[in-house]
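Working notes, structure below.
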Amino acid sequence: MINFDYQRATNVAEAIRLIGGDPKARFIAGGTNLVDLMKSDVEKPSRLIDISRLPLNTIEATAGGGLRIGALVPNSDVAYHPLVAERYPLVASAILAGASAQLRNMASTGGNLLQRTRCPYFYDTATPCNKREPGSGCSALEGLNRGHAILGASTSCIAIHPSDMCVALIALDAKVHVAGPAGDRVIAFADFHRLPGNTPQHETNLAREEIITAIELPERGFARNHSYLKIRDRLSYAFALVSVAAALELEGGTIRQARLALGGVAHKPWRDNTAEASLRGKPADEASFRTAADILLRDAKGYAHNSFKIELARRAIIRTLSQAARGTPQSQSTKKIT
Ligand SMILES: Cc1cc2nc3c(=O)[nH]c(=O)nc-3n(C[C@H](O)[C@H](O)[C@H](O)COP(=O)(O)OP(=O)(O)OC[C@H]3O[C@@H](n4cnc5c(N)ncnc54)[C@H](O)[C@@H]3O)c2cc1C
Ligand code: SF4
C-alpha cells in the first residue's frame with residue numbers, strides 16, 4: 001500500500017500551481033490507466049491532483065470551421081456528439097473501436113493521449129524495462145514481443161502507443177492545446193508523441209507541469225470517404241495489433257487528398273507523408289493503395305514474434321483505403337450504451 005495525498009483542482013491555474021509544487025504529483029482524470037499503474041506499482045505518485053471537475057468538458061465549433069473538444073470530455077461523449085458523428089466519423093469510429101462502453105464513459109480525451117503502453121514487461125516490476133526504470137534494459141527485445149513495434153523502434157524500447165483515437169486525430173491534423181506555468185501553447189498532433197530513441201521514458205513533448213486543455217480538429221473531416229480498421233485478437237476489449245485510419249478526397253476516380261495513419265505499430269501514432277503523397281493524383285484503385293502500403297512499410301522491421309505484423313499492416317492498409325474509396329467504412333455501432 002502506497003500512501004499518497006489527494007487534492008481536487010477547481011480551475012486550470014490551480015491545477016498547474018499544484019503540480020508545479022510537487023515533482024512526484026500526477027494529474028488524475030478518469031483514472032482508467034493511472035489507477036491500474038498505481039495498483040501494479042509502476043506509478044507511485046506522492047499526490048494525485050484530481051482534474052476531473054475542471055471546466056474543460058465542452059465540445060464547441062471554432063471560428064475557423066473546426067471543432068474544439070475539451071480535455072475532460074469523456075471518450076463516449078466525443079464519439080456520440082452529433083457534430084463529431086456527422087463531420088468527423090473517423091474519430092467516432094476509432095473511439096468506438098477501443099476499450100468497452102464503461103471504460104469509454106470514464107476515459108477522458110486528454111487521458112487517452114497520455115495512456116501508457118501495454119507492453120507486459122512495463123507492468124511487471126520484476127523484469128527490466130527501460131521505460132519504467134531507465135537503464136535497466138528492455139525485456140521485450142528478446143522476450144514475448146508479439147504486440148510490439150515494427151516501425152520507429154530503438155534498441156532501448158520496442159513498445160507501441162495503444163490508443164485508437166490518436167490514430168484518427170493524427171490523420172486529421174488535430175492540434176493539442178496545453179497550458180502551463182509559461183502560458184498556453186498549441187502542439188501539432190504529429191509532434192505530440194515521441195519515438196523512443198534512448199529515452200523511452202519520455203513519451204510526449206508535454207512538459208510535466210503542463211496540462212492538456214483541449215483538442216482542436218480542423219475544418220476538413222473527410223466524412224464522405226474514410227475508414228478506421230482495427231485488427232485485434234478479440235472483437236472487443238482488446239488493443240490493436242494493427243489499426244489503420246484512412247481518409248480520401250476524390251474527384252471522380254482520382255485521389256485529390258489522402259490521409260493514412262497506423263496504430264499498434266510504433267511508439268507513436270504513425271503517419272507517413274511520403275506514402276500519402278504517392279496517392280495524390282492517382283486512381284483510387286488497389287495498385288495505388290498497394291504502392292502506398294509498400295512505401296509506408298519500407299523500413300518496417302519485425303522481431304521474433306511480430307514479423308507477421310508487416311504483412312498484416314500491408315493488407316490492412318489496402319483494405320482500409322479501399323473501404324474509404326468506396327465510401328463503405330468499417331462500421332461501428334452508433335447506438336449509445338449507458
Ligand atoms: C481494460 C482496458 C482496455 C482498454 N482498451 C483500449 C483500446 O482498445 N483502445 C484505446 O485507445 N484505449 C483503450 N484503453 C485505454 C483508455 O482509453 C485509457 O485508459 C483512457 O483513455 C485514459 O483516460 P483517463 O481519463 O482515464 O486517464 P487517467 O488514467 O486519469 O490518466 C492517464 C494519464 O494522463 C494524465 N492526464 C490525464 N488527463 C490529463 C490532462 N488533461 N493533462 C495532462 N495530463 C493528463 C494522467 O496524469 C496520467 O498520467 C483501455 C483501458 C483499459 C483499462
Ligand atoms: S519494449 Fe519498452 S516498455 Fe517494453 S520492456 Fe522494452 S523498454 Fe520496457
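The values are calculated or read from the model by the stated rules, or taken from the named source; none is laboratory data. Note that the structure is a prediction, hence the values are computed from the model and not measured. Reconstructed Cβ throughout: ideal geometry from the backbone, glycine too, with neighbour counts over all protein chains shown. Ligands, DNA and RNA are excluded from the accessible area calculation, which covers all protein heavy atoms including side chains. Shrake-Rupley method; radii C 1.70, N 1.55, O 1.52, S 1.80 Å.
Just checking the listed ones, 93, 227, 52: in the Gaussian network model of the chain with Cα springs under 10 Å, the one fluctuating most is 52.
Based on Cβ point charges of +1 for Lys and Arg and -1 for Asp and Glu, what charge dipole magnitude is obtained for the stretch 5-50 about its Cα centre, in debye rounded to the nearest 20?
Numbers: 7 positive and 7 negative charges, 14 e Å.
Computed about the Cα centre, the dipole is about 60 debye.
Please check: in the Gaussian network model of the chain (C-alpha springs, under 10 Å), which one of 174, 126, 304 has the largest mean-square fluctuation. Most flexible of the set in this elastic network: 126. In this structure, residue 100 and residue 251 have a Cβ-Cβ separation that, at R0 = 41 Å, corresponds to a calculated FRET efficiency of about 0.55.
The gain in end-to-end length when the residue 47 to residue 223 segment is fully stretched comes to 59.1 nm, 0.36 nm per residue minus the alpha carbon separation.
In this simple spin-label approximation, residue 290 and residue 63 carry label points 7 Å from Cα along the Cα→Cβ vector, and these lie 5.0 nm apart.
Say we join alpha carbon atoms closer than 10 Å with springs in a Gaussian network model of the chain; which of 86, 142, 276 then has the biggest fluctuation? Checking each option, the largest mean-square fluctuation is seen for 142. Probing with 1.4 Å while keeping every protein chain in the model, the per residue accessible area of the stretch 226-326 equals 42 Å².
Express in whole angstrom the spacing between the alpha-carbon centres of the stretch 130-154 and the stretch 31-45. That distance is 20 Å. For the chain, the longest principal axis of the C-alpha atoms and the axis of helix 308-326 are separated by about 60°. Under Stokes-Einstein, with the Kirkwood radius over Cα pairs as Rh, the value for the stretch 164-321 at 25 °C and 0.890 mPa s is 147 µm²/s.
Write out the chymotrypsin sites (Phe, Trp or Tyr not before Pro) in the stretch 1-32 meeting two conditions: DSSP loop, and at most 16 other Cβ atoms within 10 Å of their Cβ. Filter output for the stretch 1-32: 4.
Report the FRET efficiency, 1/(1 + (r/R0)^6), for residue 315 and residue 173, where r is their Cβ-Cβ distance and R0 is 35 Å, rounded to 0.05. Don't skip to the end; give the middle numbers.
Numbers: r = 26 Å, r/R0 = 0.74.
Given R0 = 35 Å and the Cβ-Cβ separation, E is 0.85.
Using a probe of 1.4 Å on the protein chains alone, the accessible area found for residue 163 is around 10 Å². In the chain, what percent of the accessible surface is made up of carbon and sulfur (1.4 Å probe, ligands and nucleic acids excluded)? That share works out to 51 percent. Would any residue of the stretch 2-20 have its amide N under 19 Å from a label point 7 Å out along Cα→Cβ of residue 35? List them or say none. Of the residues in the stretch 2-20, 2-9 have backbone N under 19 Å from the label point off residue 35.
Taking 0.36 nm per residue of separation and subtracting the Cα-Cα distance, full extension of the segment from residue 6 to residue 144 would add 46.0 nm.
Assuming R0 = 35 Å, can you tell me the calculated FRET efficiency for the pair residue 331 and residue 208, based on Cβ-Cβ distance, to the nearest 0.05? The partial results should precede the final answer.
Working: r = 40 Å, r/R0 = 1.15.
Working from the Cβ atoms, E equals 0.30.
Could you please state, rounded to a whole Å, how far the C-alpha centre of the stretch 76-121 is from the C-alpha centre of the stretch 211-233? Result: 10 Å between the Cα centres.
Would you mind giving the average projected area, over all directions, of the Cα convex hull of the chain in nm² with one decimal? Don't jump to the answer; show the numbers that get you there.
Values: hull surface 66.6 nm².
Hull-based average projected area comes out at 16.7 nm².
For n ≥ 4 DSSP H runs only, could you compute -39500 (n - 2.57) per run for the chain, divide by its residues and tell me the 222 nm figure to the nearest 500?
On the way: 12 runs with 95 residues, N = 338.
That calculation yields -7500 deg cm²/dmol at 222 nm.
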